[in-house]
Amino acid sequence: MSLESLLQAYGYPILFAGTFIEGETPLLLAGFLAHQGYFALHTVIGVAFLGSFSADQLFFFLGRTRGRPLLARHPRWHARAERAERFFARYGAAMALGFRFAYGLRTVSPFVMGMSGFSPTRFAILNLFGGVLWSASIALIAYHSTRLASSLLGDLRRYEPVILGGLLLSSAAVWLIYLVRRHRATARS
């Protein structure tokens, strides 16, 4: 099965799952692939928005319905939750627009806002605008960066395996670092 047929069959569902779970890396990769003609850029932005928006609504709901008991069962979440609470206390509703751009706060911010009693309707509206801003900006950055690289290097198709492999390896490295840090934090507590 070729890369193109794999992407046509599974690309958008993988993008949805990736933006639901992680965020930027799958979207950057999809922006690159959109420039290469494997995806439609507007569909990439839409699917990434839906994945991110859905995850954030879920975390907001979990914070609203099970916030304190979940935090009590997961002590390692406390530091990130406290950091998000400080951001929320300082920036208020603006945080609902921009938390996706703050490293380490993407999943915990909606959770904390849900725990705080923030209006679900207001969160959904701000989350909608923030999700559109995030998905469009990250996808467009990836798309136009690829366009710039293409103008400097020529046809990028010959570099696709290296670029895709590099992106996947860097994603795996980031994930591995996260797991090691999490393991060390758990071992200390």
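The values are calculated or read from the model by the stated rules, or taken from the named source; none is laboratory data. This one's a predicted model, so the numbers in the text were calculated from it and none came from an experiment. Heads up, the Cβs are rebuilt from the backbone with ideal geometry, glycines too, and the neighbour counts pull from every protein chain shown.
Say whether the condition of being closer than 23 Å to LEU126 by Cβ, within 19 Å of the chain's Cα centre (by Cα) and basic (Lys, Arg) is met by at least one residue in the stretch 64-87.
For the stretch 64-87, residues closer than 23 Å to LEU126 by Cβ, within 19 Å of the chain's Cα centre (by Cα) and basic (Lys, Arg): present.
Yes or no, residue by residue, for (1) touching a helix residue (DSSP H, G or I) at 6+ places or on another chain (Cβ under 6 Å); (2) surrounded by fewer than 17 Cβ atoms within 10 Å (Cβ to Cβ); (3) within 19 Å of THR107 (Cβ to Cβ):
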residue	(1), (2), (3)
GLN8	no, yes, no
GLY18	yes, no, yes
ILE21	no, yes, yes
PRO69	no, yes, yes
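Does the stretch 1-20 hold any residues that are hydroxyl-bearing (Ser, Thr, Tyr) and either at pLDDT below 85 or outside any helix (DSSP H, G or I) (or both), and which are they? Give the derivation first.
Initially, the stretch 1-20 is screened for residues hydroxyl-bearing (Ser, Thr, Tyr), giving 2, 5, 10, 12, 19.
Of everything in the stretch 1-20, those that are hydroxyl-bearing (Ser, Thr, Tyr) and either at pLDDT below 85 or outside any helix (DSSP H, G or I) (or both) turn out to be SER2, SER5, TYR10.
Please determine, by comparing only the residues of the stretch 23-65 that are without any contact (Cβ under 8 Å) to a residue 40 or more places away in the chain and among the β-branched types (Val, Ile, Thr), which one is surrounded by the most Cβ atoms within 10 Å (Cβ to Cβ).
VAL47
Looking only at the stretch 91-130, how many residues end up being outside any helix (DSSP H, G or I) and at pLDDT 85 or above?
Filtering the stretch 91-130 for residues outside any helix (DSSP H, G or I) gives 92-93, 102-107, 116-119.
With at pLDDT 85 or above added as a condition, the list becomes 116, 118-119.
Within the stretch 91-130, residues that are outside any helix (DSSP H, G or I) and at pLDDT 85 or above number 3.
Which of the residues spanning the stretch 21-63 are of a type in the set (Gly, Ala, Ser) and part of a helix (DSSP H, G or I)? Step through it out loud before you land on a result.
Initial filter on the stretch 21-63 (of a type in the set (Gly, Ala, Ser)): 23, 30-31, 34, 37, 40, 46, 48, 51-52, 54-55, 63.
ALA30, GLY31, ALA34, GLY46, ALA48, GLY51, SER52, SER54, ALA55, GLY63, listed by residue number.
Taking the condition of being over 17 Å from the mean Cα position of the chain (by Cα) and either crowded, with 17+ Cβ neighbours inside 10 Å or hydroxyl-bearing (Ser, Thr, Tyr) (or both), how many residues in the stretch 113-137 meet it?
So the answer is 8.
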